[in-house]
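J.: Just dropping this structure here.
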Amino acid sequence: MTLQIALTLLVLLAVFLALVSNRLPADAIMLGALLVLLLSDVINVSQALAGFSNPGLIAVALLYVVAAALRDTGAIYWVSRVLLGRPTSARGAQSRLIFPAGILSAFLNNTTVVAMMIPAVQEWAQRLRFSASQLLLPLSYAAILGGTCTLIGTSTNLVVDGLWQQQGNPGFRIFDLAPVGIPLFAVGATFLVFFAPRLLREKQSFVTQAEKAREYWVEMRIPPGSPLLNRSIEAAGLRNLTYGYLTEVERGGNLFTAVSPDMLLEAEDTLTFVGAPECARELQRIQGLVPAHGGAHKLSLYHHQRCLVEVVIGPEFPAINTSVKEGAFRTRYQAAILSISRDGQRLAGKVGETVLRVGDTLLLETGESFVEQYQFRRDFLLVSPLRDSSPPDFAKAPLAVAILVAMVLINLVGWLSVVEAAALAASALLLAGCVSLNRARQYVSVNLQVLLVIGAAFAVGTAMEVSGTARWLVSGLLSSGLENPWLALAIIYLVTALFTEVVTNNAAAVLMFPIATGIAEQLGVSPVPFVFAIMFAASASFMTPLGYQTNLMVMGPGGYSLVDYLRLGVPMSIVAAVITIGLIPLVWSF
């Protein structure tokens, strides 16, 4: 053991202990490890920074821009309502999520699938009042399992196939992995559906958040031509909202206070909702609803420039004891009042006729500059923006979906790589106005922690290789004599699976490939089963967030710690190992 190997092992151990303690954010831990390896000359500057220019990392960043466009146009909310449905239990939600995600991952890059589905799953979980932590890790695992079904399902399979062809062998076909990959996905997905709800701990409760919030009275209208026309309250998704509830419907001068879920919606219906401030944001994301009062449509602002803001009227407000209409609130502040709360209680009636008093809390739809302009003015005692409250521009949703489908097809037929297709799609979405440049920057910056962790993880993996640490560990594990091909296959699989947890999956595959083919040659058997074992094992990263990009991507949004990966990942890894090691020799003989 050299000094560099010993130092690299110590850094790796420190990383795992720090991740287990959960006292520091993952990006700080990984960047700290990178700095130690750089200053100790285990890796040089080029190797330390190479991970941040890795195509996989760039693809993730570009796909965040695509995801932002799908969110700003409302396309992502259509996906969550139509494709994922409305299950009533966490197990039902996971089954509705796992199987579509796995099937998509068999033909698309896993990173693409997970990046696209994370915001949809977050919104879906919020609407169903489930914790996203119950769904995001199963999403990552389903994408990993689905990627093992085809040659193009994951970059690891393509890397190993390239190494195989470099030895003068013909390349594998797209469905050569299916005889093992499909049973592995079926068993793994079933395991997730039955055991993930028990093994994953819930991180937060949306119900509790909603119950503790202030209440507003928000009125929405069904405009002519709305896609909600002639749909029932239940079918329109208005029956069980996350942050509020439908209390009455006004139609043609008649007021219906006992609203049946089977009641059909008609043009010019006015629907009254009672709920937290976030209820207004939730209603904005339902295509076919518009605010009934306040004149929000008269604001000369684009959709992406609008946001929801709560303000508390101060003693120096210029229109105290004056109605909203008489005080010309919208003209004065370029903001539309959606609802008014007084002493923590909702105020009913028309907004324009309400007389404003000191201490009234107003829910406004206004421009992004409102907060900066009035935050320190004496008109209001408090100015508080609601996070991520810009209303979707549903008119551009079909265009955003068309660009997404084009990106997928271009990558699927092999015209462009994932990075090139994602860059083209992101550019098209920006030029088409589906997402603004500021929103794209904002969305990438929010997920900056994920990008930093991925980039630093590549550097740690490089340190394992260049220092000789990985090869030293493999040599030690495989130093004993091997005569049984099945036992040798099992060891190759287990060692590769172990290494894919601590280095990148591609690095583990590249490292183990020559060792596996060498052992097959020594035993005088076909190397094909060993090559496929590496493909499956290098993708079987379930126990840590480091081995696979999708695991890192869901770590922040799901609020996971290393313990969460171990709780679900250890039994998942055992299931994958048993299925793979058992089936490979039956499908491809030695």
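J.: Give me the one-decimal nm value for the distance between modelled label points at Leu416 and Thr331, 7 Å along each residue's Cα-to-Cβ direction.
T.: Taking the simple label geometry, Leu416 and Thr331 are separated by 4.9 nm.
J.: Quick one, can you get me the convex hull of the C-alpha atoms of segment 518-590 expressed as volume per residue in Å³?
T.: 92
J.: Next question, about the same structure. By how many nm would the segment from Thr322 to Asn169 lengthen if fully extended, with 0.36 nm per residue of separation less the alpha-carbon distance?
T.: 46.7 nm
J.: Using alpha carbon centroids, what distance separates segment 555-571 and segment 135-207, in Å?
T.: Using only Cα atoms to place each centre, the spacing works out to 17 Å.
J.: While we're here: Going highest first, how would you order 317-325, 136-144, 484-492 by mean Cβ packing within 10 Å?
T.: Ranked by mean Cβ neighbours within 10 Å, highest first: 136-144, 484-492, 317-325.
J.: Give the label of the value calculated from the structure for semi-axes √(5λ) of the Cα gyration tensor in Å, choosing from (1) 48, 45, 18; (2) 52, 25, 20; (3) 63, 34, 29.
T.: (2)
J.: Oh, and also: Send over a whole-number figure in Å² for the accessible area per residue of the chain, probe 1.4 Å.
T.: 42
J.: Also, quick follow-up: Counting Lys +1, Arg +1, Asp -1, Glu -1, what net charge surrounds Glu219 among other residues with beta carbon under 10 Å of its beta carbon?
T.: 0
J.: How long is the gain from Arg377 to Ser46 if the chain were fully straight, where each residue apart is worth 0.36 nm and the alpha carbon distance is subtracted?
T.: 114.2 nm
J.: Summarise the accessible area of the chain (1.4 Å probe, protein heavy atoms) by the percent that is carbon and sulfur.
T.: Roughly 59 percent, rounded to a whole number.
J.: Here's a follow-up. With a ≥ b ≥ c the root eigenvalues of the C-alpha gyration tensor of segment 374-460, is it rounded (a/c under 1.5), prolate (a/b larger than b/c) or oblate?
T.: Oblate.
J.: Tally Lys/Arg at +1 and Asp/Glu at -1 over every other residue whose Cβ is under 15 Å from the Cβ of Gly252; what's the total?
T.: It works out to a net charge of -3.
J.: List the residues of segment 165-185 whose backbone N lies under 20 Å from a point placed 7 Å from the Cα of Arg471 along the Cα-to-Cβ direction.
T.: 166-167
The values are calculated or read from the model by the stated rules, or taken from the named source; none is laboratory data. The shown structure was predicted, so the numbers you read here are calculated from the model rather than taken from an experiment. Here the Cβ is made from the backbone with ideal geometry for all residues, glycine too, and neighbour counts use every protein chain on show. We work out accessible area using only protein heavy atoms, side chains counted, and drop any ligands, DNA or RNA first. Shrake-Rupley method; radii C 1.70, N 1.55, O 1.52, S 1.80 Å.
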